[in-house]
1. When residues of segment 115-139 are filtered for being surrounded by fewer than 14 Cβ atoms within 10 Å (Cβ to Cβ) and part of a helix (DSSP H, G or I), how many remain?
2. Please work out which one of (1) in a helix (DSSP H, G or I); (2) under 14 Å from the mean Cα position of the chain (by Cα) is the condition T34 fails and give its number.
3. Test each condition in (1) within 11 Å of the ligand (Cβ to nearest atom); (2) farther than 29 Å from V180 by Cβ; (3) in a helix (DSSP H, G or I) for H76 and report the one that comes out false.
4. Which residue pairs have Cβ atoms under 6 Å apart, sit 6 or more places apart or on different chains, and have a first residue in segment 99-124 that is farther than 16 Å from Q75 by Cβ and a second that is in a loop (DSSP other than H, G, I, E, B)?
5. For A21, are the conditions met, namely being part of a loop (DSSP other than H, G, I, E, B), under 19 Å from P128 (Cβ atoms) and touching a strand residue (DSSP E or B) at 6+ places or on another chain (Cβ under 6 Å)?
6. For G28, only one of the following conditions fails: (1) of a type outside the set (A, V, I, L, M); (2) outside any helix (DSSP H, G or I); (3) crowded, with 18+ Cβ neighbours inside 10 Å. What is its number?
7. Given S45, S100, which one is farther than 30 Å from V187 by Cβ and within 13 Å of the chain's Cα centre (by Cα)?
8. For A64, state whether it is in a helix (DSSP H, G or I) and buried (at least 18 other Cβ atoms within 10 Å of the Cβ).
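The values are calculated or read from the model by the stated rules, or taken from the named source; none is laboratory data. Keep in mind that this is a model prediction, so the values were computed, not measured. A quick note on method: Cβ atoms are made from the backbone with ideal geometry, for glycine too, and the neighbour counts reach across all protein chains shown.
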Amino acid sequence: MFITFEGVEGAGKTTQIARLASRLRAEGWGEVLTTREPGDGPLGSELRRLALHPPAGITVEPRAELLIMLADRAQHVGQVIRPHLAAGGIVICDRYADSSVAYQGYGRGLDVAEIARLNDYATDNLKPDLTILLDLNPALGLARQNERNIMEEESLAFHTRIRAGFLELAADQLERWVIVEAGRSAVNVEEEVWRAVERKCHGLEIQGSIDRSK
Ligand code: TYD
């Protein structure tokens, strides 16, 4: 099973991914791999640095930024995500293809349909089974961040477009997405995420080792 988390900066993805992974492991749902984009592995960390912390004085063109994200994704899918899924494991990824549509499409203004096509190419059509959108007012999320990358230096209007983009993507594909209101306590968010995962597993007929009928 392939689960992705999406959302604006500071929505709490890192915390929720860690909680979900430990719960899945504790309940014996199988080998759980947590990972992220951009930046997994040695090539990924170079690409992440180029995209998010470019050398001083260099402005990265939106198309170049997109292609760096896609290069990272192609490498990540081929070398990390697909092998783990093929071995029967669960992959939880912090951001994936939808982030390119939201950030480079709705945020930077590149063509959304084109990005979707390029994502299909980069991932060789690997789609998540479930995408959790941790939805939050970006003004609140940005206030929670301390480390600043080039996205976090962007205006509130940029992040507001990204939030709206995520909500639009989710509304278009409700069978894959679950929208979770992320402004509440971490425990409440965790419970809602867990229920979404259980529902999806039920739909996919994936069972943990624990008998949940009792
Ligand atoms: P990160 O510090 O991991 O932010 P977060 O904790 O919010 O995920 O930085 C990832 C940044 O990269 C984030 O600002 C979103 C951006 N990004 C894109 O612009 N396009 C993409 O395709 C991906 C995967 C990320």
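1. Of segment 115-139, the ones surrounded by fewer than 14 Cβ atoms within 10 Å (Cβ to Cβ) are 117, 120-121, 124-125, 139.
Now narrow it down to the ones that are part of a helix (DSSP H, G or I): 117, 120-121, 139.
Qualifying residue count, segment 115-139: 4.
2. For T34, the failing item is (1).
3. For H76, the failing item is (2).
4. Sorted first by the residue in segment 99-124, then by its partner, the pairs are Q104/L110.
5. Working: part of a loop (DSSP other than H, G, I, E, B): no; under 19 Å from P128 (Cβ atoms): yes; touching a strand residue (DSSP E or B) at 6+ places or on another chain (Cβ under 6 Å): yes.
Considered against the rule, which asks whether it is part of a loop (DSSP other than H, G, I, E, B), under 19 Å from P128 (Cβ atoms) and touching a strand residue (DSSP E or B) at 6+ places or on another chain (Cβ under 6 Å), A21 comes out as no.
6. (3)
7. Working: S45 fails: within 13 Å of the chain's Cα centre (by Cα).
The match here is S100.
8. Details: in a helix (DSSP H, G or I): yes; buried (at least 18 other Cβ atoms within 10 Å of the Cβ): no.
Taking the combined requirement at face value, the residue does not satisfy it.
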